[in-house]
Amino acid sequence: ISDKILNKKGKLSAEDWEQIKAHPRLGANIVGNVPNLVPCIGAILHHHERWDGTGYPEGLAGEQIPLEARILAIADAFAAMISARPYRNAFCHEKVLKELKQGAGTQFDPKLVDAFIGIIEAKFSEEVKVGQGSPGGQSSS
């Protein structure tokens with residue numbers, strides 16, 4: 001996907017969306033030429049499928065979507081939301097977790113969202129505890 005599209009501040013055109021929707025197939029094709037990465041093809045190809053079947057490139061739903069792709073979809077969305085974009089600031093962790101919860105059962109596998117959120121909350125809780133024991137109450141991480 002070109003930087004022009006990735007950094008676009010306004011609405012995406014139909015052409016822009018076609019380029020975006022093509023990237024999973026392109027990524028899968030590239031990875032398919034690297035023997036050690038061939039097992040990753042399903043995850044890459046289907047990481048924009050949605051639990052409710054309205055995703056792309058094939059409109060798979062639920063457990064038709066490879067497990068690795070369902071995991072990657074959540075991790076990819078999390079990474080996107082905690083990162084600043086030209087069209088918006090990064091979201092705070094609380095907002096990201098709320099967005100993931102709202103997408104459970106429609107965009108994301110609800111069981112995997114629960115597991116992911118549990119891991120993030122445990123990590124956040126651990127960082128808070130470490131931060132409380134540091135000079136000035138700040139975390140070193």
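Quick note: the coordinates plus some simple rules give every number you see, no bench work behind them. Note that the structure is predicted; figures quoted are calculated from it, not measured. Note: ideal-geometry Cβ built from the backbone for every residue, glycine included; neighbour counts use all protein chains shown.
Remark: relative contact order (the chain) = 16 percent; criterion is Cα-Cα distance under 8 angstrom and separation of 6 or more residues. Seen against the Cα atoms of the chain and their longest principal axis, helix 93-103 is set at about 40 degrees. Listed options for semi-axes √(5λ) of the Cα gyration tensor in Å are [x] 38, 16, 11; [y] 24, 18, 12; [z] 30, 20, 16. The value calculated from this structure is the one marked [z].
With each label modelled as a point 7 angstrom along the Cα→C-beta vector, the Ile120-Lys21 pair spans 2.8 nm.
As a rough guide to protection, the peptides 67-73, 17-23 ranked by mean Cβ packing within 10 Å, highest first, stand as 67-73, 17-23.
Largest mean-square fluctuation among Ala43, Ala14, Ala80, in a Gaussian network model of the chain whose springs join Cα atoms under 10 Å apart, belongs to Ala14. Which one of Gly62, Gly103, Gly32 has the biggest mean-square fluctuation once the chain is modelled by GNM with Cα springs under 10 Å? Per the Cα network of the chain with a 10 Å cutoff, Gly32 tops the list. Helix 110-133 and the longest principal axis of the C-alpha atoms of the chain enclose an angle of approximately 30°. On a 0 to 90° scale, report how tilted helix 67-82 is relative to the longest principal axis of the chain, with both axes built from alpha carbons and the result rounded to the nearest 10. So the helix axis and the longest Cα principal axis differ by about 60 degrees.
Along the charge dipole of the stretch 1-48, which of Gly27, Asn7, Val38 sits closest to the positive end, that is, farthest toward it, with unit charges on the beta carbon of Lys, Arg, Asp and Glu (+1, +1, -1, -1)? Of the candidates, Asn7 comes out farthest on the positive side. Neighbours of Leu12, meaning other residues whose beta-carbon lies under 13 angstrom from its beta-carbon, give a summed charge of +3 when Lys and Arg score +1 and Asp and Glu score -1.
With a Förster radius of 41 Å applied to the beta-carbon distance between Glu68 and Ser13, the computed FRET efficiency rounds to 0.85.
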